[in-house]
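Here is the structure we will look at, set down as structure tokens.
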Amino acid sequence: MTYKEVLSKIAEYKTVSLKPSLSRISALLKKLNDPQNSLKVIHIAGTNGKGSVAAQLHAVLLKAGFRTGLFVSPFILDFCERIQYCGQMISKEALVQNAIPVLKAADRLKTEGIPLSQFEVITAIAFLYFKEKQCDYCILETGLGGRYDATNVIKKPLLTVITKISMDHVGVLGNTIAEIADEKAGIIKPKVPVVTVQQEPTAMEIIQKAAKENAAPLKIVSKAETTSVSVGLSGTVFQYNNIEYRLNLLGLHQVENALLAVTAVNALLPELSPDIVSAALKDVCHPARMELINSDPLVLLDGAHNPDGAAALAEFLKRIQFKGCVLFGAMKDKDTKEIVRILEDHCETAVTVTVHDNPRAESAENLCKLFRSVGVRTVAAKDYDEALAFIKGKPLVVCGSLYLAADLRPILLERFRHRGS
């Protein structure tokens with residue numbers, strides 16, 4: 001099979017959730033001789049911040065000299081971004097090599113009446129690859145939820161991390177913070193240390209209960225433990241335990257994510273020098289997460305696809321006194337009304353688009369009505385080219401969906417070749 005044929009075959013599997021269960025991924029991995037059982041895993045769940053924490057942990061472990069695998073979702077520009085080893089995406093050749101046995105096993109299961117989701121297939125490919133590379137550590141980000149996420153087939157991770165929990169994927173995970181938190185807390189395992197942030201009281205109570213029931217040591221971190229916090233377009237700086245950390249990542253919320261990464265590393269490798277940790281965090285970049293594309297005019301790119309993400313973006317925009325244009329596209333199943341309400345104070349104008357080639361995409365016209373309903377001058381663009389033409393050099397924030405960010409990032413980088421200039 002060629003690389004294109006493999007991607008095409010993977011795309012044939014369902015992207016929607018099947019009945020919540022770990023039985024399908026377990027059956028698939030059994031046919032592959034359970035590669036996951038040889039992996040040393042750090043498992044990450046949460047609503048927002050998973051990708052940033054995973055990227056930071058990956059950077060620290062690489063800086064410390066460990067062979068480290070990273071499994072994340074979704075990808076921004078290249079499918080191979082989802083599976084990484086030592087800072088490099090899986091090669092197309094390696095993807096094909098590891099996908100072939102997985103797809104053959106998946107086909108056999110289908111004939112046995114066991115359908116698989118696309119995410120389950122991709123997870124199995126990652127496990128095979130990480131076993132082949134003999135990783136010292138593997139960082140696994142859940143795709144959705146926790147308890148029944150395919151990554152949760154790992155029976156005994158070294159460490160679990162739960163990032164900020166908020167309302168998202170309500171149709172799948174639950175209609176309340178409590179229900180969502182219960183799903184996320186499903187990654188907690190007996191006697192496996194847990195690191196989390198200070199959550200909403202309901203979510204915190206559920207995590208604490210799950211940790212207690214599993215006799216899992218629990219560490220809760222808070223931004224209140226930091227000092228000398230500075231947040232701006234040049235980056236984020238804070239002190240924790242008398243050590244200064246400088247981040248390329250933008251936004252106050254990244255202080256919390258960095259604290260999770262630092263605390264996780266301390267739990268995993270208590271002997272590791274803080275100098276290695278701080279040096280590694282300084283170099284971490286995370287595309288489409290409050291990413292500075294250009295400085296003059298200012299262009300920021302952010303996924304911000306739920307109210308909590310929008311609130312983090314709005315907090316940063318307030319800090320930098322941003323007032324300009326918001327280019328916005330989103331999915332129908334998101335709380336777009338609340339996202340628009342959160343962002344309205346920072347919009348002089350807005351341009352809405354329908355995210356290309358996505359059946360879940362909300363129409364530009366409906367999004368335009370939302371912005372206009374809160375008093376923002378808004379136009380609905382017929383396509384990306386028209387949307388960018390409307391902006392005409394104004395300060396710009398592109399947000400609302402990682403799918404939108406993936407589409408527009410290469411266009412914006414091409415337009416502003418001297419990034420940050």
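Across region 126-136, computed HN-Hα scalar couplings (Karplus, 6.51 cos²θ - 1.76 cosθ + 1.60, θ = phi - 60°) run 4, 4, 4, 5, 5, 5, 4, 7, 6, 4, 6 Hz from first to last residue, x flagging Gly and Pro. Would you work out if region 291-415 is rounded, prolate or oblate? Take a ≥ b ≥ c from the square roots of the eigenvalues of the alpha-carbon gyration tensor; rounded if a/c is under 1.5, else prolate when a/b is larger than b/c, oblate otherwise. The shape class here is rounded.
Overall, region 3-282 carries a charge dipole of about 660 debye about its Cα centre when +1 sits on the Cβ of Lys and Arg and -1 on the Cβ of Asp and Glu, all other atoms neutral. Our note on the geometry: Cα centres of region 1-77 and region 212-232, 26 Å apart. Within the set of other residues whose C-beta is less than 15 Å from the C-beta of P115, count the net charge using Lys and Arg as +1 and Asp and Glu as -1. Net of charged neighbours comes to +3.
Close amide H partners of I139, meaning residues 5 or more places away or on another chain with modelled amide H under 5 Å apart, are I42, G69, L70, F71. Over the chain, the reciprocal of the mean inverse Cα-Cα separation, the Kirkwood hydrodynamic radius, stands at 22.1 Å. Build a GNM of the chain with springs between Cα atoms under 10 Å apart, and of A264, A364, A94 the one that fluctuates most is A94. Under the convention that each Lys and Arg Cβ holds +1 and each Asp and Glu Cβ holds -1, the size of the dipole of region 291-415 around its Cα centre is about 340 debye. The distance linking region 93-120 with region 398-412 is 30 Å (Cα centroid to Cα centroid, whole angstrom). Can you give the longest run of the chain that contains no GluC sites (Glu not before Pro) sitting in a DSSP loop with at most 12 other Cβ atoms inside 10 Å? Free of exposed loop sites, the longest segment is 113-270. Each residue of region 383-393 was assigned a 3J(HN,Hα) from its phi angle through the Karplus curve 6.51 cos²θ - 1.76 cosθ + 1.60 (θ = phi - 60°); the sequence is 7, 5, 4, 5, 4, 5, 5, 5, 6, 6, x Hz, with glycine and proline shown as x. Amide H contacts of L298 (H built 1.01 Å from N, in plane; Pro and chain starts excluded): L396 sit under 5 Å, all sequence-distant by 5 or more or on other chains. Size descriptors for region 328-372 (Cα atoms only): Rg and Dmax, in that order, 10.1, 30 Å. Taking 17 Å as the straight-line reach from the Cα of K9, the aspartates and glutamates in range (excluding those fewer than 8 positions away in the same chain) are D78, E93, D107, E120. Each of G329, G146, L317 was scored by the projection of its Cα onto the charge dipole of the chain, and the greatest displacement toward the positive side belongs to G146; charges sit on the C-beta of Lys, Arg, Asp and Glu. Among beta bridges from DSSP that stay inside region 291-415, the antiparallel ones total about 25%.
Full extension of the chain between K133 and F416 yields a length gain of 98.1 nm, computed as 0.36 nm times the residue separation minus the alpha carbon distance.
Can you find, among S230, I114, Y3, the residue farthest towards the positive end of the dipole of the chain? Put +1 on the C-beta of Lys and Arg, -1 on that of Asp and Glu. After comparing all options, I get I114. A helix-only calculation puts the chain at -12500 deg cm²/dmol for mean residue ellipticity at 222 nm, using -39500 (n - 2.57) for each DSSP H run of at least four residues, averaged over all residues. Placing +1 on each Lys and Arg Cβ and -1 on each Asp and Glu Cβ, with no other charges, gives region 162-272 a dipole about its Cα centre of roughly 220 debye.
For region 291-415, the relative contact order comes to 35 percent (Cα pairs under 8 Å, sequence separation of at least 6). Normalised by the number of residues in the chain, the mean separation of alpha-carbon contacts (under 8 Å, six or more apart) gives a relative contact order of 15 percent. Annotation note: trypsin sites (Lys or Arg not before Pro) in region 146-247 located in DSSP loop regions with a Cβ neighbour count of at most 15 within 10 Å are K155, K191.
Per-residue Karplus couplings for region 329-340, computed as 6.51 cos²θ - 1.76 cosθ + 1.60 with θ equal to phi - 60°, are listed in order as x, 8, 8, 4, 8, 9, 7, 5, 4, 6, 4, 5 Hz, Gly and Pro entered as x. Between A11 and E213, the modelled label-to-label distance comes to 4.1 nm, taking each label 7 Å out from Cα in the direction of the beta carbon.
Report D for region 348-405 in µm² per second (integer): Stokes-Einstein, Kirkwood Rh on Cα pairs, 4 °C, 1.567 mPa s. So the translational diffusion coefficient is about 111 µm²/s. Annotation note: trypsin sites (Lys or Arg not before Pro) in region 334-421 located in DSSP loop regions with a Cβ neighbour count of at most 16 within 10 Å are R360, K382, K392, R417, R419. Lys-Lys pairs in region 291-415 that are eight or more residues apart or on separate chains and whose Cα atoms lie under 18 Å of each other come to 9. Among the lysines of region 14-83, pairs at least eight places apart or on separate chains and with Cα atoms under 29 Å apart come to 14. A straight Cα-to-Cα reach below 20 Å connects K219 with the aspartates and glutamates E141, D182, E183, E200, E205, E256, E271, residues fewer than 8 places away in its own chain not being considered.
Only the coordinates and a few stated rules stand behind these numbers; no lab work does. Given the structure is predicted, the values throughout are model-derived calculations rather than measurements. FYI the Cβ positions are ideal-geometry reconstructions off the backbone, even for glycines, and counts take in every protein chain you see.
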